[in-house]
Amino acid sequence: MIQVAYISLHADVVGGGEHSLMELIGNLPDSIHRELILPAEGALLHQAEAMDVKVHLLPMPRLGIGSLPALWRWRCFLKAEAFDVLHTNQSRAAFFSGCAAVGLKTKVIFHCRIAEGDGVMDRILMRLSDAIICNSRAVAERFKSYSGKLQVIYNGVSRAKCDVIDKINLPAGAKLLLFVGRLSAEKQPQLALQVFEQLAAEDETLHFAMLGGDDPTAPEFSKSLRDRVSASRFASRIQMPGVVDNVTAWYRHASLLLLTSQHEGFGRVLVEAMAEGVVPVAFAVGGVPEVFEDGVQGYLVDGNNIEMMSHRASELLRDENLYGQMAERGKLRAAAFSVDAHVHAVTEFYEEVLRGR
């Protein structure tokens, strides 16, 4: 049996990375013993407890002189344990794990989900990590100089079970545009709002919903976005329900998904939407072009070109045959990103890394 500790810098669900990590932990074979390391109590602890996964709380403060006591605590903890693998989910988690595991037999795997480089930290993590998993080829480019084991393993996205499809507040005959993601400057929800406003001026049946929580690191952005929505002449057709447990219900009412991220390592919401027959129109950034093909399952648009995004969205809303063809192809494409395939690839990678010990 392989003993694996999964390490998350965040105690709560911040984005797709936490969803993917918990889906991996929840679907591992019996040959993997799993434990979870978190910096504090939160939603992930409760999810782990529901899966009967042992949780350890270890600090991961911002790096500096003040983080030395935390590193010593990590070192003492790992020396007392018998983990074969530390599977880390963010850069700082990989740093603490890698530093504390120096000289031990434990292998450190950095699971990177962000395409943008981190300067000196990247060079440090390449030295501390025995292997790196990237969730797209775009992310793997960040570590092209890495001489260790590197593997691209796409995220697995589970097909949500949802029988409740009648709780969305929409008038009969309405068409719904969706934005799903954190309401942050990086995700650029204000651009999706602009696309909606352009289309809504010509189609009174069109409605818009922005699903996602505020960015806790930039509350002023979320406030300005809400002020912008309130001032819109189409405000009565816009919903901002916040974090939604039953996202599937919204997908099943949606006509299109707009993905306007400035950066995107993978694009989990694209797979979720396609699985439910929703066609995406997305900026072609990061790993997004690896998730679906332009003109086949949806449309890719050059970053921040809202005029072209509006044009493509309008085309799909007007052409039912085109939409139907893309929707069916999207369902087939989404099936390729299964949790089973993801778990199988990850567990095989563990074995490969451990054979090199």
GNM on the chain, C-alpha springs below 10 Å: top fluctuator among Ser261, Ser91, Ser31?
-> Ser31
Long-range amide H partners of Leu211 with built H, under 5 Å = Phe179, Val180, Gly181
In whole Hz, the Karplus estimates of ³J(HN,Hα) for the range 22-36 (6.51, -1.76, 1.60; θ = phi - 60°; x where Gly or Pro) are 6, 5, 4, 4, x, 10, 6, x, 5, 6, 10, 8, 10, 9, 10
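Run the dipole for the chain about the Cα centre, Lys and Arg Cβ at +1, Asp and Glu Cβ at -1, nothing else charged, and hand back the magnitude in debye, nearest 20. Intermediate values should be presented prior to the final figure.
On the way: 36 positive and 43 negative charges, 218 e Å.
Once rounded to the nearest 20, the dipole reads 1040 debye.
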Ranking Met210, Met51, Met126 by Cβ neighbours within 10 Å, fewest first, what do you get?
-> Met51, Met126, Met210
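Note down the net charge around Met51, summing +1 for each Lys or Arg and -1 for each Asp or Glu among other residues with Cβ under 12 Å from its Cβ. Please list the in-between numbers first.
Values: positive: Arg34, Lys54; negative: Glu23, Glu35, Glu49, Asp52.
Residues close to Met51 contribute a combined charge of -2.
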Positive-end residue, the range 175-335 charge dipole about Cα centroid, Cβ charges, pick of Gln297, Ala327, Met210 = Met210
At q = 0.16, 0.21 Å⁻¹, the log10 of I(q)/I(0) for the range 218-340 from a Debye sum over equal Cα scatterers comes to -0.86, -1.33
One finds the C-alpha centres of the range 247-312 and the range 88-134 to be spaced, in Å, by 30
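Given the Cα-Cα distance of Ala235 and Cys99 and 0.36 nm per residue of separation, how much length would full extension add, in nm?
43.9 nm
Report the gain in length on full extension from Lys331 to Glu116: 0.36 nm times residue separation, minus Cα-Cα distance, nm rounded to one decimal.
Numbers: separation 215, 0.36 × 215 = 77.40 nm, distance 2.91 nm.
Extending this stretch completely gives an extra 74.5 nm.
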Contact order normalised by residue count of the chain, Cα under 8 Å, 6+ apart, percent = 15
At most 14 other Cβ atoms within 10 Å and a DSSP loop assignment: could you name the GluC sites (Glu not before Pro) in the range 14-77 that fit?
-> Glu41
Could you pull out every residue, at least 5 positions away or on a different chain, whose amide H is within less than 5 Å of the one on Phe292? Hs are placed 1.01 Å off N in the peptide plane, and Pro or chain starts have none.
-> none
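Defining a contact as two alpha carbons under 8 Å apart and six or more residues distant in sequence, what relative contact order in percent does the range 221-279 show?
Here the relative contact order equals 34 percent.
Report the charge-dipole magnitude of the range 175-335 in Debye, nearest 20, computed about the Cα centre from +1 at each Lys and Arg Cβ and -1 at each Asp and Glu Cβ. Provide the component values of the computation, followed by the final result.
Details: 15 positive and 22 negative charges, 66 e Å.
Its charge dipole is roughly 320 debye.
Exposure proxy check: Cys99, Cys76, Cys112 ranked by fewest other beta carbons within 10 Å? Don't skip to the end; give the middle numbers.
Values: Cys99 16, Cys76 11, Cys112 27.
Ordered by Cβ neighbours within 10 Å, fewest first: Cys76, Cys99, Cys112.
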How large is the dipole of the range 78-212 about the Cα centre if only Lys and Arg carry +1 and Asp and Glu carry -1, each at its Cβ, rounded to the nearest 20 debye?
-> 820
Among rounded, prolate and oblate, which fits the chain when a ≥ b ≥ c are the square roots of the eigenvalues of its C-alpha gyration tensor, a/c under 1.5 means rounded, and a/b larger than b/c means prolate?
-> prolate
Checked against the positive end of the charge dipole of the chain (+1 on Cβ of Lys and Arg, -1 on Cβ of Asp and Glu, about the Cα centre), the farthest of Gly103, Ala200, Leu316 is Gly103
Taking the Cα centre of the chain as the origin and placing charges on Cβ (Lys, Arg +1; Asp, Glu -1), which of Ser158, Gly267, Ile65 is farthest toward the positive end of the dipole?
-> Ile65
Tilt, helix 91-100 to longest principal axis of the chain (alpha-carbon atoms), in degrees rounded to tens, equals 10
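Which whole-number percent is the relative contact order of the range 175-335 (Cα, under 8 Å, 6+ apart)? Intermediate values should be presented prior to the final figure.
On the way: 289 pairs, mean separation 38.3, N = 161.
About 24 percent, as a whole number.
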Residue exposure sequence - Arg75, Arg62 - by fewest surrounding Cβ within 10 Å | Arg62, Arg75
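Since every read-out is calculated from the coordinates, none of them should be taken as a lab result. Because the structure is a prediction, the values reported are computed rather than measured. In this analysis, Cβ positions are derived from the backbone assuming ideal geometry, glycine residues included, and neighbour counts consider all displayed protein chains.
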